[in-house]
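Presented below is the structure to which this report refers.
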Amino acid sequence: MTQKSTVKGPIGVFDSGYGGLTILRDIMKALPDYDYIYLGDNARAPYGGRSYDIVYRFTLQAVRYLFERGCHLVILACNTASAKALRTIQQNDLPMIDPDRRVLGVIRPTVEKIGEITDNGNIGIVGTSGTVRSQSYDMEIKKLYPDFNIFSQACPMWAPLVENGEADKPGADYFVKRDIELLMRQEPSIDSIILGCTHYPLLLDKIERYVPQGTKVLPQGKIVADSLADYLVRHPEMAAKCSRGGTCTYLTTENPEKFAESASVFLSTPVTAQSITLS
């Protein structure tokens with residue numbers, strides 16, 4: 001059990017790898033005064049193809065670690081972790097660890113936003129194989145908007161292209177064009193597409209090039225950042241527990257130099273990282 005603490009602490013942001021940095025970037029832009037800890041479980045990434053049990057176990061280890069580092073609030077800036085671990089952690093683990101702490105994900109705020117965006121209720125979802133198989137977006141959308149039609153396409157090559165620095169290369173066009181065409185073949189009148197992976201904003205220019213004219217594309221970063229800002233306004237007791245020094249600490253389960261090099265692709269600014277072990 002994590003000991004209750006009245007000491008203010010940073011907001012934790014967790015991802016299996018680097019993609020969550022696109023979420024962090026927009027959160028820090030929207031809420032620059034707060035302190036943050038970003039934790040990437042890069043040594044065990046990607047999570048996309050792993051089982052529910054493994055993703056849950058790894059995510060819980062990360063959440064516990066961030067709690068031990070003083071975080072009262074943790075954002076799972078990872079679609080796979082949000083899909084496969086968030087609900088169990090919220091319902092089963094938090095009451096025992098510390099019922100006053102909170103863990104939030106990226107799927108619900110994205111789904112809430114789609115209702116404001118779509119004109120015809122035909123929603124496309126692109127994501128990792130694990131996120132698509134989990135049908136987490138489908139279930140959340142159906143809860144809020146039961147009349148919407150949902151069409152999903154797994155894009156297993158997109159995240160590796162980003163992580164290997166190929167997002168702006170011509171080779172990426174082939175995979176983006178192919179997968180968008182596969183999605184649109186399911187329903188040509190899809191009018192809104194959710195980017196269900198935090199890597200995908202780095203492919204946004206190419207995605208928008210290949211979607212039909214007028215089709216709206218939703219990256220998650222600004223949506224999650226706006227949702228968090230609103231959450232802190234609605235929960236001043238949590239906002240009061242979050243320290244405000246405008247700092248960010250970067251942690252990785254991988255080599256810190258390797259993390260810093262790759263992180264600069266996502267943040268467009270140099271960072272210094274520390275290596276930690278999760279267990």
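Okay, here's what the table says:
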{"item": "Among LEU218, VAL176, HIS235 - extreme Cα towards positive end, dipole of segment 156-259, charges at beta-carbon", "result": "HIS235"}
{"item": "Cα Rg over Rh - the chain, Kirkwood", "result": "0.95"}
{"item": "GNM top mover of GLY245, GLY49, GLY20 - the chain, alpha-carbon springs below 10 Å", "result": "GLY245"}
{"item": "Karplus 3J(HN,Hα) series, Hz, for segment 183-190 with 6.51 cos²θ - 1.76 cosθ + 1.60 (x for Gly, Pro)", "result": "5, 6, 5, 5, 7, x, 9, 3"}
{"item": "Other-chain or far-sequence residues with amide H under 5 Å of LEU104's (modelled H)", "result": "VAL74, ILE75, LEU76"}
{"item": "Dipole magnitude (debye, nearest 20) for segment 165-204, charges at Cβ of Lys, Arg, Asp, Glu", "result": "80 debye"}
{"item": "Dipole magnitude (debye, nearest 20) for segment 36-94, charges at Cβ of Lys, Arg, Asp, Glu", "result": "80 debye"}
{"item": "Anisotropy class of segment 112-259 from Cα gyration tensor, a/c 1.5 cut", "result": "oblate"}
{"item": "Under the Karplus curve 6.51 cos²θ - 1.76 cosθ + 1.60, θ = phi - 60°, whole-Hz ³J(HN,Hα) for segment 156-164, x wherever Gly or Pro sits", "result": "x, 8, 5, 5, x, 4, 5, 5, 9"}
{"item": "Residue pairs, from the table LYS177/LYS216; LYS29/LYS84; LYS113/LYS216; LYS29/LYS222; LYS113/LYS177, whose Cα atoms sit over 19 Å apart", "result": "LYS29/LYS84; LYS113/LYS177"}
{"item": "The chain, relative contact order in percent, only Cα pairs under 8 angstrom and at least six apart counted", "result": "28 percent"}
{"item": "Cut-off under 5 Å, modelled amide H: who pairs with ILE150 long-range", "result": "ILE123"}
{"item": "Rounded percent of accessible protein surface that carbon and sulfur make up, the chain, 1.4 Å probe", "result": "51 percent"}
{"item": "Efficiency of FRET from Cβ geometry, THR269 and LYS169, R₀ 30 Å, rounded to 0.05", "result": "0.85"}
{"item": "Mean accessible surface per residue for segment 183-260, computed with a 1.4 Å probe while every protein chain stays in place, in Å²", "result": "45 Å²"}
{"item": "Accessible surface, per residue, of segment 7-76 when the full set of protein chains is kept, probe 1.4 Å, Å²", "result": "33 Å²"}
{"item": "Unit charges on C-beta of K, R, D, E only; dipole of segment 137-190, Debye", "result": "120 debye"}
{"item": "Given charges at Cβ of Lys, Arg, Asp, Glu: the chain dipole, positive-most of PHE67, ILE114, GLY245", "result": "PHE67"}
{"item": "Label-point separation in nm, GLU257 to ALA43, each point 7 Å along Cα→Cβ", "result": "1.8 nm"}
{"item": "MRE, 222 nm, helices only [DSSP H, n ≥ 4, -39500 (n - 2.57), over the chain, to nearest 500]", "result": "-13000 deg cm²/dmol"}
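The values are calculated or read from the model by the stated rules, or taken from the named source; none is laboratory data. All figures in this text were calculated on a predicted structure; none of them were measured in a lab. Note: ideal-geometry Cβ built from the backbone for every residue, glycine included; neighbour counts use all protein chains shown. With ligands, DNA and RNA removed, areas are computed over all heavy atoms of the protein, side chains included. Shrake-Rupley method; radii C 1.70, N 1.55, O 1.52, S 1.80 Å.
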